[in-house]
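Coordinate-derived values only; no laboratory data. Note that the structure is predicted; figures quoted are calculated from it, not measured. Glycine also receives a Cβ, built like all others from the backbone with ideal geometry; neighbour counts cover every protein chain displayed.
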Amino acid sequence: MTAPVAAPAYPVRVSGRIDEPLSQGLWLVKWLLAIPHVVVLAFLWVGFVVSWLVSFFAIAFTGRYPRALFDYNLGVLRWTWRVGFYAYNGLGTDRYPPFSLKEETDYPAQLDVPYPERLSRGKVWVKWWLLAIPHWLVVGTLTSGGWGETPQIGLIGALVLIVGGFLLVRNSYPQHLFDLVMGLNRWVLRVAAYAALMTDAYPPFRLDQGGEEAGVGAGSAAQPL
């Protein structure tokens, strides 16, 4: 019998764990508690866009991502993921996110991207929009419910509301729902890092479920969407 072949690990590593015990009702006001983070992140993402633009031309002419700008953009993605995991992209912890761009190894939500020594000078012109179009269509469905003019809740938001119902009624977070929510968030964050020019590795069209990014093989939790 042939052993299952593991799919190659993607360089954007996203992980999370259910930080029990979780409050039955705290999730109802996390939108309010998260406001200070939302305000700070609004400014950080302005800096992210500026950093992206400078990095774009640096890569186009030198093939290198300026390390300081890479670390800043990685920090913004980490901060965003921690807040999302705490609030309405995950509800996986009641521990308030730190105000930090650094890697917080003791926090239950982690994101890491290894620094690329060299990047393609040609791909930088097309990967963030043309090559990423198929993924943008998926991400639009996961985060906003589609691409129409009427705002809608995305698939991740709908699932997290269901999670909130389980917490409110049964004070439990079903593992299968957590694994699915993690897989969908992982897809979104992989595309975000790719579009941010942080890797040349094209994001896989697969749903890698679960809190940790272990090797993916036959019979594992990784499934096509």
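Can we say Leu130 is on the phi > 0 side of the Ramachandran plot, aliphatic (A, V, I, L, M) and either without any contact (Cβ under 8 Å) to a residue 24 or more places away in the chain or buried (at least 16 other Cβ atoms within 10 Å of the Cβ) (or both)? No, not satisfied.
With the structure loaded, tell me whether Ser100 is part of a helix (DSSP H, G or I) and over 22 Å from Ala9 (Cβ atoms) or whether it fails that test. Against the criterion (part of a helix (DSSP H, G or I) and over 22 Å from Ala9 (Cβ atoms)), Ser100 does not qualify. Thr62 meets the conditions (1) more than 26 Å from Leu28 (Cα to Cα); (2) of a type in the set (Val, Ile, Thr); (3) touching a helix residue (DSSP H, G or I) at 6+ places or on another chain (Cβ under 9 Å) in every case but one. The failed one is (3). Any idea how many residues of the stretch 56-90 are over 11 Å from the mean Cα position of the chain (by Cα) and charged (D, E, K, R)? Looking only at that region, the number is 3. Here Gly210 meets each of (1) assigned to a helix (DSSP H, G or I); (2) free of Cβ contacts under 8 Å to residues at least 60 places away in the same chain; (3) not polar (S, T, N, Q) with one exception, condition (1). So which residues in the stretch 113-127 are touching a Leu at 6+ places or on another chain (Cβ under 8 Å) and either free of Cβ contacts under 8 Å to residues at least 24 places away in the same chain or surrounded by fewer than 18 Cβ atoms within 10 Å (Cβ to Cβ) (or both), if there are any at all? If the condition is that a residue be touching a Leu at 6+ places or on another chain (Cβ under 8 Å) and either free of Cβ contacts under 8 Å to residues at least 24 places away in the same chain or surrounded by fewer than 18 Cβ atoms within 10 Å (Cβ to Cβ) (or both), then Lys123 is the only one that fits. Restricted to the stretch 175-191, and to residues there that are surrounded by 13 or more Cβ atoms within 10 Å (Cβ to Cβ) and without any contact (Cβ under 8 Å) to a residue 60 or more places away in the chain, the residue that is nearest to the chain's Cα centre (by Cα) is Val188. Number of residues in the stretch 154-194 that are aliphatic (A, V, I, L, M), touching a helix residue (DSSP H, G or I) at 6+ places or on another chain (Cβ under 8 Å) and within 30 Å of Gly47 (Cα to Cα): the value is 10.
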